[in-house]
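Peer 1: Sending over a structure as structure tokens; questions will come in a sec.
The values are calculated or read from the model by the stated rules, or taken from the named source; none is laboratory data. Just so you know, these numbers come straight off a predicted model, no measurement behind them. Cβ coordinates were reconstructed from backbone atoms using ideal geometry, including for glycine residues, and neighbour counts include every protein chain displayed. Ligands, DNA and RNA are stripped out before the accessible areas are found, and what is left, the full protein with its side chains, is counted by its heavy atoms. Shrake-Rupley method; radii C 1.70, N 1.55, O 1.52, S 1.80 Å.
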Amino acid sequence: MRLVIVTGMSGSGKNTALKFFEDNGYYCVDNLPIPLIVTFAEFATEQSEKGGRDKVALSVDIRSGHLDEVGEVLNTLTDKGVKYEILFLETGDSTLIKRYKETRRNHPMNEQKSIIHGIHKEREELTFLKEKADCIIDTSNLLVRDLRMELEKIYIQNKDFKNLFVTILSFGFKHGIPSDCDLVFDVRFLPNPYYETELREKTGNDKEVRDFVLDSEVTTEFLDKLCSMMKFLIPNYIKEGKNQLVIGIGCTGGHHRSVTIARKLFEELSECDEYGLKLSHRDINR
């Protein structure tokens with residue numbers, strides 16, 4: 001039997017994860033009281049041995065009760081020979097605050113205080129579960145479909161999972177530097193298609209614009225150095241335990257040069273399957 005314990009920050013996407021597991025044949029239980037986990041796991045194991053469902057996912061978070069009891073429960077599962085995996089969903093503070101404001105819901109631990117107070121308190125209580133996790137996914141920059149794609153790779157395709165998820169984000173400086181970027185590269189020194197009348201209304205997703213930007217020795221040299229740097233840095237980020245990396249590529253408006261370079265970098269990094277990878281263009285439609 002495969003038992004996946006889904007946990008993590010409130011607002012990080014646990015409901016999405018459970019829905020994914022349910023859609024893929026898992027028997028799912030949300031917010032199971034902690035004292036019942038061992039009993040449920042034993043029951044599920046018995047049913048699996050009798051030919052019942054052999055895939056189970058259950059959610060454990062601050063709603064489940066006193067989290068200090070979870071360590072003892074996990075030890076009991078191990079003693080009884082019940083194998084389990086822990087999936088931990090992480091999200092940055094600023095993203096969580098934004099999500100709570102958008103949904104107008106209270107954080108379950110805010111205790112009539114600020115949202116950030118509840119987030120910090122929850123993060124502290126979940127630290128030991130994160131340390132025990134087999135898989136940590138940072139959903140700060142993931143859409144629902146992106147999270148489902150990552151879960152499919154891990155739990156359906158059974159690909160080896162690396163905790164680092166890389167987002168390559170093109171943007172325009174005139175709209176501000178994205179606050180969640182770890183690395184920012186300014187490509188405003190490259191040939192600018194904006195000054196070519198026939199290219200002005202196109203974007204880096206159009207072949208004509210890409211050809212214009214890439215047909216330059218400066219661009220070629222820059223891409224060689226950029227890709228070489230990323231291929232050096234990313235394995236070291238993985239060793240360090242980093243689970244989220246946002247690479248910002250910026251030009252003036254975020255339509256031409258940044259989109260072109262972001263696309264090329266994405267193509268180069270796609271050759272490696274040791275990390276998750278996403279391409280996003282923040283300002284392409286502005």
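Peer 1: Given Cα pairs under 8 Å that are at least 6 residues apart, what percent is the relative contact order of the chain?
Peer 2: Relative contact order of the chain: 20 percent.
Peer 1: About the Cα centre of region 9-87, what is the dipole size in debye to 20, counting +1 per Lys and Arg Cβ and -1 per Asp and Glu Cβ, all else neutral?
Peer 2: For region 9-87, the charge dipole is close to 220 debye.
Peer 1: Using a Förster distance of 25 Å, how high is the FRET efficiency between R53 and N75, based on the Cβ-Cβ distance and rounded to 0.05?
Peer 2: Using R0 = 25 Å, I get an efficiency of 0.50.
Peer 1: Under unit Cβ charges (Lys, Arg +1; Asp, Glu -1), what dipole magnitude, rounded to 20 debye, does the chain have relative to its Cα centre?
Peer 2: In debye, rounded to 20, the chain gives about 700.
Peer 1: Computed FRET efficiency, Cβ-Cβ of D182 and H117, R0 22 Å: what is it to the nearest 0.05?
Peer 2: Efficiency, from the Cβ-Cβ distance: 0.25.
Peer 1: Rg(Cα) of region 1-90 divided by 2.2 N^0.38 Å?
Peer 2: 1.02
Peer 1: Also: Keeping every protein chain present and rolling a 1.4 Å probe, give me the accessible area per residue for the chain in Å². Before the final figure, lay out the partial values.
Peer 2: Working: 14950 Å² over 286 residues.
Heavy-atom accessible area per residue stands at 52 Å².
Peer 1: Moving on to the next point. In debye, nearest 20: dipole of region 190-246 around its Cα centre with unit charges on the Cβ of K, R (+) and D, E (-)?
Peer 2: 500 debye
Peer 1: When the chain is fully extended, how far beyond the present Cα-Cα distance does E152 get from T197, taking 0.36 nm per residue of separation?
Peer 2: Answer, rounded to one decimal: 11.8 nm.
Peer 1: Roughly speaking, to the nearest percent, how much of the chain's 1.4 Å accessible area is carbon and sulfur?
Peer 2: The value for the chain is 47 percent carbon and sulfur by accessible area.
Peer 1: Once Lys and Arg get +1 and Asp and Glu get -1 on their Cβ, which of G118, I62, A41 lies farthest toward the positive end of the dipole of the chain?
Peer 2: The Cα lying farthest towards the positive end belongs to G118.
Peer 1: Give me P(r) over the chain, computed from all C-alpha to C-alpha distances, binned every 5 Å, as integer percentages.
Peer 2: The distribution over the chain is 1, 5, 11, 14, 14, 14, 12, 10, 7, 5, 4, 2, 1, 0, 0, given as percents.
Peer 1: Mind giving me the FRET efficiency for S270 and D211? R0 is 25 Å, r the Cβ-Cβ distance, nearest 0.05 is fine.
Peer 2: So, using R0 = 25 Å, E works out to roughly 0.75.
Peer 1: Sort K153, K50, K132 by accessible area with a 1.4 Å probe, largest first.
Peer 2: K50, K132, K153
Peer 1: In addition: When only Cα pairs under 8 Å and 6 or more residues apart are kept, what is the percent relative contact order across region 1-93?
Peer 2: Answer for region 1-93 is 49 percent.
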